[in-house]
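The block underneath contains the structure these notes are about, expressed in C-alpha cells.
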Amino acid sequence: MKGTFYGVGVGPGDPRLMTILAVETIRSCPVVAVPLHGYERGVAYQIARGMIDDLDAKECVGFRVPMSKDRNILTEAYQRAAADIIEKLREGKDVACLTLGDPTIYSSYIYLHRIVQASGFHTEIISGVPSFCAVSAKLGDSLVDRDEQLHVIPSSYGLHRSSPQTLAVDAEKETDPEIFGGAMPEKPENESSAALAAALQLPGTKVLMKAGTQIGAVKALLRQQNCSCRMVENCGMPDEKVYACLEDIPEKAGYYSVIVVKEDSTYPKKISDSVKSML
C-alpha cells in the first residue's frame with residue numbers, strides 16, 4: 001500500500017496555535033519532510049517540536065531549494081525533493097511536510113504536492129493558522145468589516161523583481177530563511193516599487209507579507225499613502241514585537257514581519273471614538 005503525502009500547516013509561531021488535526025497527523029506519520037536550512041531543521045520544525053514529543057525520533061527527509069529565480073533550476077530542485085518523498089511513499093510510509101502558516105498560502109510545499117500528486121500518490125492538505133490572522137488577533141482588531149476587501153501582498157517580492165518576466169515560482173518562500181539559511185539575494189534597490197504602490201491603491205485592507213527584507217522601501221511607499229499601518233514582527237515567536245504605527249516601525253526588521261494597512265490614517269482613533277460614543 002502506498003503512503004500518503006500530507007502538507008501540514010503548523011501556524012505562525014506559537015505551537016499552541018497548531019490545530020488538533022495537524023498535531024494528530026504529524027504524530028501518525030513515521031516520516032517528516034522539512035527544509036534542511038534554518039534553525040535546526042527550520043522554524044516549522046521547531047514549532048512542531050513544541051507539540052510533538054517524539055518528533056526527533058521520526059525519520060526525516062530534508063530538502064534544499066537553491067537560491068535562484070530560474071524556473072528550470074527551481075523545478076529541478078522540487079523534483080529532486082519530491083523523488084525522495086516518493087521513495088518513502090512507495091515504502092508505504094506516510095510523510096508529513098511541515099510548513100509555516102497554512103500550506104495554501106505562498107508555500108513551497110504546494111510544488112511538492114503537485115509533483116507527488118501527478119505521480120499517482122494520494123496527497124492531503126492540513127490547514128494551519130495563517131500569519132496575518134494571528135497578527136490581526138495580536139493587534140486586537142479585525143482584518144475586514146462588512147463589505148471591506150482584503151488584499152494579501154508579498155511586499156518585498158514586488159520591490160525586488162525587475163520585470164514581469166522575472167516572476168519566480170514562489171513569491172514568498174523561495175527566499176525564506178527557513179530554506180536559504182537566512183540569506184537573501186542581492187537585488188537592485190527599488191526597481192519595481194510601482195507594483196507595490198499600485199497594490200496599495202486597492203480598496204480595503206492590505207496585508208503586506210514578509211515586509212522585513214525591504215522594510216525601508218516599503219515604509220517610503222507607505223508614507224505617501226493616507227493610511228494607518230501597524231506591524232507585528234515574528235508573531236507568536238519568543239522575540240515577537242508589535243509596532244503601533246508606521247513611524248514606530250524600524251528601518252530594519254526580521255523576515256517574518258507582517259504589516260496591516262488600513263485605508264484611513266485616522267482609523268485607530270475613529271474606532272476608539274466610535275466605541276466611546278456607545279458607552
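Return the total of residues in the range 48-105 being β-branched (V, I, T), buried (at least 19 other Cβ atoms within 10 Å of the Cβ) and more than 24 Å from P12 (Cα to Cα). Here the count works out to 2. Residues that are of a type in the set (A, V, I, L, M, F, W, C) and either surrounded by fewer than 22 Cβ atoms within 10 Å (Cβ to Cβ) or modelled with pLDDT under 95 (or both): does the range 2-10 have at least one? No. When restricted to residues that are part of a loop (DSSP other than H, G, I, E, B) and aliphatic (A, V, I, L, M), the range 1-38 contains 4.
Considering only residues in the range 222-244 that are out of contact with any Gly (no Cβ under 6 Å at 6 or more places or on another chain) and in a strand (DSSP E or B), the one that is surrounded by the most Cβ atoms within 10 Å (Cβ to Cβ) turns out to be M231.
Restricting K210, K252 to residues that are buried (at least 18 other Cβ atoms within 10 Å of the Cβ), within 21 Å of the chain's Cα centre (by Cα) and basic (K, R) narrows the list to K210.
Among the residues making up the range 245-279, those that are modelled with pLDDT of 90 or more and not in a loop (DSSP other than H, G, I, E, B) are L246, E247, D248, S257, V258, I259, V260, V261, K262.
The values are calculated or read from the model by the stated rules, or taken from the named source; none is laboratory data. Because the structure is a prediction, the values reported are computed rather than measured. Please note: Cβ atoms are built from the backbone with ideal geometry, for glycine as well, and neighbour counts cover all protein chains shown.
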